[in-house]
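Written below as structure tokens is the structure these notes are about.
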Amino acid sequence: AGRLYDAIGPRYPVMLGFVLLGWGSYLLAGITVDTPRFDIEMWLTVRNIGVGLCMMPIITSGVSALPGALTAAGSSVNNVMQRVASSIAIAVFGSLNISKGAQLALNRGALAGADSTATVTAGGASQLLGPYEELTKQVTTQTYANGFFIVAIMSAVGALVAVCLRAGKKKGGGGSHGPVEL
């Protein structure tokens, strides 16, 4: 990604990275309980190549646009913003997974139509363990698939926004913005 950035600028690596990230996420949005491990690993590989292609050029482009006196501060602010955004994303996607998972479990459990009182009195709660575990696997898989679909949509938007980035090698050296006071 660094060599591509130096050769052609940030626009095309970022666009390609977001496309790969979106495609890998879209493939993961089709995940089921029975999806082979190899398929998941390949889809994650596509996704992670996309992340590598888009993150470095975005960060480098942002920091290199700053005057030389602000480069260190800009890098620090970028690092803090990455950490804050990661924490917020984990909280948002975690709450979406929990709320959607609870709703899916309730809906699918109701569709199963098991009479829990009759089952517990007839043979104990152990008869419910198998269906409960299967329901939990399906619901967990579906909530993650929903999250990957949202990320795929966000990646497509990111690829469109990347059109606004600079293409080609950067002209002139950084720091030509004049004196900066902190």
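The values are calculated or read from the model by the stated rules, or taken from the named source; none is laboratory data. All figures in this text were calculated on a predicted structure; none of them were measured in a lab. For neighbour counting, all protein chains shown are included, and Cβ atoms are generated from backbone atoms with ideal geometry for every residue, glycine included.
Return the total of residues in region 1-57 being assigned to a helix (DSSP H, G or I) and crowded, with 21+ Cβ neighbours inside 10 Å.
Total meeting the criteria: 18.
Determine which member of the set G62, G30, G50 is among the small types (G, A, S), in contact (Cβ under 8 Å) with a residue 12 or more places away in the chain and farther than 23 Å from A162 by Cα.
The conditions single out G30.
Go through (1) over 19 Å from T143 (Cα atoms); (2) among the aliphatic types (A, V, I, L, M); (3) in a helix (DSSP H, G or I) one by one and return the number of the condition L96 breaks.
Of everything listed in (1) over 19 Å from T143 (Cα atoms); (2) among the aliphatic types (A, V, I, L, M); (3) in a helix (DSSP H, G or I), L96 misses just condition (1).
Can you name every residue in region 65-93 that is touching a residue at least 24 places away in the same chain (Cβ under 8 Å), farther than 18 Å from L21 by Cβ and assigned to a helix (DSSP H, G or I)? Outline the logic, then answer.
Start the filter on region 65-93 by keeping residues that are touching a residue at least 24 places away in the same chain (Cβ under 8 Å), which leaves 65-71, 73, 93.
From the residues that got through so far, the ones that are farther than 18 Å from L21 by Cβ too are 65-71, 73.
Selection gives G68, A69, L70, T71, A73.
Taking region 37-51 only, how many residues are more than 12 Å from the chain's Cα centre (by Cα) and farther than 11 Å from W23 by Cβ?
7
Of everything in region 10-30, what is more than 21 Å from G62 (Cβ to Cβ) and hydroxyl-bearing (S, T, Y)? Give them in sequence order.
S25, Y26, listed by residue number.
A quick yes/no check of all residues on (1) polar (S, T, N, Q); (2) at pLDDT below 60; (3) within 30 Å of A69 (Cα to Cα):
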| position | (1), (2), (3) |
| --- | --- |
| G101 | no, no, no |
| L129 | no, no, no |
| Y132 | no, no, no |
| V139 | no, no, no |
| V151 | no, no, no |
| S155 | yes, no, no |
| S176 | yes, yes, yes |
